[in-house]
1. Can you give the convex hull volume per residue for the Cα atoms of segment 187-271, as a whole number of Å³?
2. Rg and Dmax of segment 113-218, Cα atoms, in Å?
3. Between ARG154 and THR179, what length in nm is gained on full extension when 0.36 nm per residue of separation is reduced by their alpha carbon distance?
4. Please compute the length gained on full extension between VAL164 and GLU206, using 0.36 nm multiplied by the number of residues separating them and subtracting their Cα-Cα distance.
5. Could I get the Rg over Rh figure for segment 1-99? Both from C-alpha atoms, Rh via Kirkwood, rounded to two places.
6. Can you list the trypsin sites (Lys or Arg not before Pro) in segment 1-81 that are in a DSSP coil and have 13 or fewer other beta carbons within 10 angstrom?
7. Among PRO126, PRO94, PRO71, determine the one that fluctuates most according to a GNM of the chain built with springs between C-alpha atoms less than 10 Å apart.
8. To one decimal place, what orientation-averaged projected area in nm² is obtained for the convex hull of the Cα set of the chain?
Amino acid sequence: MADVPMDLAVTVDLQLESRDLREIGPDGLHGRFSYGRYGARVGVRRLLDLLAAHRIPATFFVPGSEAERHPAMIEAILADGHEIAAHGWAMEDPAGLGAEEPALLERAHAALSRTAGTAPTGWRTPTGTMTPETLRLLAGLGYRYDSSHQDDDRPYVHILKDGVRIAEIPRSEVLDDATFHAVHMPHDTLERAWREEFDALVAEGEGLPCLTLNPRGDRGSGRGSRIAAVDRFLARAAEVPGLRFRTARAIAEDLLAADAGRAYPVLDARP
């Protein structure tokens, strides 16, 4: 592979008990549907150990309710040098919140600021959807970047109606472990898809591979055999000359600091 100046962002969607509570209700925390608790007890530690072994700084997108439920976990993530970013309050769908959206964004922001000791600057929708107002609301809370869109291979800048700029770190379902594990695909299918997507971006020399990992026991990489596949992918990626593992925040700040770059106006929901 050729020497290329290229970043790779490793991100983690910390959807633990909050996902079970949203999808199943309180009974989801018991019996066969306790996959989120598996992530809290086992999966997160496995991911942290793997990232430490590869010396990779990652971005953990954390629901506010998970931060309040697991403050020691947040402390451990920060102690390992990772970024804490926002991921909603409790797996709510922003597109269905209506007038409640601002209050829940503020609630999650306050919980993460309090638990992590510093305000998050990045956000990712917990459900894949957002509203025309979401970016403006995030900007009002001081957010610097979003990582929800899937409309590009490269980072770019949203320009809001009032001129405010928010970086976008686009993600991809192809590089999301849940895409494969949620439907019980074999590990070699995941590895082949990741390898082919990564190699294509490296060959073009312009894209940003944004890997999304989940610590859950059902749809994530928290189990031993599954995390081994992630280990192999990261080891192979590290062999690319010039490749850097960086947090989403670091990539976004570089993009916003650049005088010129790829930027697109956003259709504002306000009249």
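Here, each number is a calculation from the coordinates, and none is a lab measurement. Computed from a predicted structure; not experimentally measured. Quick reminder, even Gly has a Cβ in these numbers, built from the backbone with ideal geometry, and neighbours come from all protein chains shown.
1. About 167 Å³ per residue, rounded to a whole number.
2. 16.0, 47
3. This chain segment gains 6.9 nm when fully extended.
4. Roughly 12.6 nm would be gained on extension.
5. Working: Rg = 15.6 Å, Rh = 14.8 Å.
Rounded to two decimals, Rg/Rh equals 1.05.
6. ARG55
7. PRO71
8. In nm², the orientation-averaged hull projection of the chain is 13.9.
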